[in-house]
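The block underneath contains the structure these notes are about, expressed in structure tokens.
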Amino acid sequence: MRSELAAGSGETMEKRERPRVVLGVSGGIAAYKACELLRRFTESGHDVRVVPTASALHFVGAATWSALSGHPASTEVWETVHEVPHVRIGQAADLVVVAPATADMLAKAAHGLADDLLTNTLLTARCPVVFAPAMHTEMWENAATQENVATLRRRGALVIDPAVGRLTGADTGKGRFPDPAEIFDLCRQVLARGARGLPQDLAGRHVVVSAGGTREPLDPVRYLGNRSSGRQGYALARTAAARGARVTLVAGNTELPDPAGVDVVRVGTARQLREAMLKAAADADAVVMAAAVADFRPAVYAPGKIKKQEGQEPEPVALVRNPDILAELSADRARPGQLVVGFAAETDDVLANGRAKLARKGCDLLVVNEVGEHKTFGSAENEAVILATDGTETPVPYGPKEALADTVWDLVVPRLAQPRG
Ligand code: CTP
């Protein structure tokens with residue numbers, strides 16, 4: 001099928017080997033942001049067919065889609081009928097992403113309607129399908145929309161939750177189109193899994209990940225912090241979302257953008273992180289503590305800035321212990337069968353220290369990083385050994401934090417309790 005279509009539209013061999021993406025665009029103001037998503041796909045070597053709905057063209061015209069994708073962009077099944085586009089575009093795709101997906105489009109897709117080229121394409125696609133909804137909060141929260149989303153998810157589509165933020169006009173709330181760069185990142189991972197025939201093995205699961213470093217205030221302007229960038233935790237959240245999970249990311253101090261479809265809870269101190277983790281873990285299937293939690297905090301918080309005193313040395317800062325969140329989550333599992341994963345950074349006797357820490361913390365898996373040269377906080381790469389309570393040791397070679405994250409989920413999935421009925 002694929003080669004027939006390619007031959008029919010006169011494409012070169014080189015083009016045929018590029019991953020084929022269908023970008024469906026439905027009629028919402030966020031259609032203009034889909035132009036950036038399209039650019040990210042084309043600039044990274046994907047062959048993209050844009051299939052807008054007629055209403056989408058009120059926001060961004062066919063000329064823009066056509067110029068950016070290098071293909072004609074039509075909404076109707078009645079154009080180029082000899083190429084049978086209503087069947088072929090969906091059949092030939094490696095990924096279909098509908099961005100933005102309006103409430104109307106979700107309803108049509110959930111009910112299998114097929115009154116234009118995009119809805120026909122959704123019915124013929126055999127590849128992974130991602131919907132990135134964007135709409136006003138009321139429309140998103142409406143029971144009809146929520147039921148349509150649940151139906152699509154049950155059938156295997158990846159429907160990412162919209163972001164929270166500024167909507168059209170002055171309103172704010174849930175319904176915002178996520179950052180196109182983050183949608184692209186999610187799609188890239190979904191495509192890669194699809195190409196390897198890997199399933200959305202976290203679909204229907206809720207996972208909670210902590211990331212970044214905590215900050216313990218000394219006074220309104222100073223704090224005790226650490227150098228964690230949050231990248232490993234964010235990579236865990238992104239990869240879990242691409243595998244179909246509902247993800248809560250409890251983020252300490254980081255500069256990173258919110259991953260698409262992930263519910264991000266921002267915290268400052270270790271105690272705030274503990275509270276957010278306990279709350280989110282209440283209905284989680286798996287909990288991963290990737291955050292760098294401060295073990296100590298200043299014993300006293302000065303409500304006003306601590307001033308220098310002429311001719312006097314400063315008072316020493318007394319510290320007290322913070323709660324050990326990982327140990328607590330492991331000891332008091334919020335649900336039977338909940339899986340708990342910890343991280344540990346070690347410089348010497350990595351395996352021996354790691355094994356002792358696994359036992360001490362009481363978690364099921366411990367990702368042990370060897371800290372040293374080239375393996376610093378903030379780097380995009382990591383190297384680790386993952387220790388399990390059953391005695392297995394899984395070495396993960398030096399590489400992207402995303403690869404380590406995927407290996408963590410590979411080890412988590414078979415250990416998860418049966419899904420709740
Ligand atoms: N952690 C936690 N609460 C703390 C400190 C750490 O939940 N107060 C978690 C981290 O998120 C990580 C794991 O515990 O998943 C191990 O952190 P690490 O700092 O290596 O362990 P410590 O218990 O602090 O041991 P060490 O004496 O080696 O510092």
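The values are calculated or read from the model by the stated rules, or taken from the named source; none is laboratory data. These figures come from a predicted structure and were not determined experimentally. No Cβ is skipped: glycine too gets one built from the backbone with ideal geometry, and neighbour counts run over all protein chains shown. Keep in mind that these areas ignore ligands, DNA and RNA; they rest on the heavy atoms of the full protein, side chains included. Shrake-Rupley method; radii C 1.70, N 1.55, O 1.52, S 1.80 Å.
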Just to verify a result, which residue in region 323-361, among those that are polar (S, T, N, Q) and assigned to a loop (DSSP other than H, G, I, E, B), is nearest to the ligand (Cβ to nearest atom)? T347
Any residue at all in region 89-97 that is surrounded by fewer than 23 Cβ atoms within 10 Å (Cβ to Cβ), touching a helix residue (DSSP H, G or I) at 6+ places or on another chain (Cβ under 7 Å), under 13 Å from T121 (Cα atoms) and modelled with pLDDT of 95 or more? yes
What number of residues in region 125-144 are farther than 23 Å from L202 by Cβ, open to solvent by less than 30 Å² (accessible area, probe 1.4 Å) and not in a loop (DSSP other than H, G, I, E, B)? 1
Name the residues in region 41-73 that are in a helix (DSSP H, G or I) and loosely packed, with under 14 Cβ neighbours inside 10 Å, would you? E43, H58, A63, A67
For A192, are the conditions met, namely being out of contact with any Asp or Glu (no Cβ under 9 Å at 6 or more places or on another chain), free of Cβ contacts under 8 Å to residues at least 40 places away in the same chain and within 18 Å of D410 (Cα to Cα)? yes
Restricting attention to region 260-308, the residues that are among the aliphatic types (A, V, I, L, M), closer than 22 Å to D364 by Cβ and open to solvent by 50 Å² or more (accessible area, probe 1.4 Å) number exactly 2
The one condition E147 fails out of (1) within 20 Å of L37 (Cβ to Cβ); (2) open to solvent by 10 Å² or more (accessible area, probe 1.4 Å); (3) in a helix (DSSP H, G or I) is (1)
With respect to L118, is the statement that it is under 17 Å from G27 (Cβ atoms) and surrounded by 24 or more Cβ atoms within 10 Å (Cβ to Cβ) true? yes
Of E393, E373, E402, which residue is charged (D, E, K, R), under 20 Å from L351 (Cα atoms), at pLDDT 85 or above and in the same structural domain as G354 (by TED's automatic domain parsing)? E393
Using beta carbons and a limit of 6 Å, which pairs, at least six apart or on different chains, have the first residue in region 345-357 and modelled with pLDDT of 90 or more and the second one away from the ligand (no atom under 11 Å from the Cβ) and aliphatic (A, V, I, L, M)? G354/L387
Please work out if V385 is under 24 Å from the mean Cα position of the chain (by Cα) and within 12 Å of the ligand (Cβ to nearest atom). no
Enumerated strands (runs of 3 or more DSSP E) restricted to region 209-307, each holding at least 2 residues that are touching a residue at least 12 places away in the same chain (Cβ under 8 Å) and within 15 Å of the ligand (Cβ to nearest atom): 246-251, 286-289, 296-298
Selection from region 362-373 of residues away from the ligand (no atom under 11 Å from the Cβ) and part of a strand (DSSP E or B) yields E370, G372
Can you find a residue in region 195-206 that is at pLDDT below 95, in a helix (DSSP H, G or I) and over 30 Å from G304 (Cβ atoms)? yes
Does region 310-322 include one or more residues that are within 9 Å of the ligand (Cβ to nearest atom) and within 26 Å of R227 (Cβ to Cβ)? yes
Quick check on this structure: which one of R222, R215, R153, R176 is open to solvent by 70 Å² or more (accessible area, probe 1.4 Å) and touching a Pro at 6+ places or on another chain (Cβ under 6 Å)? R176
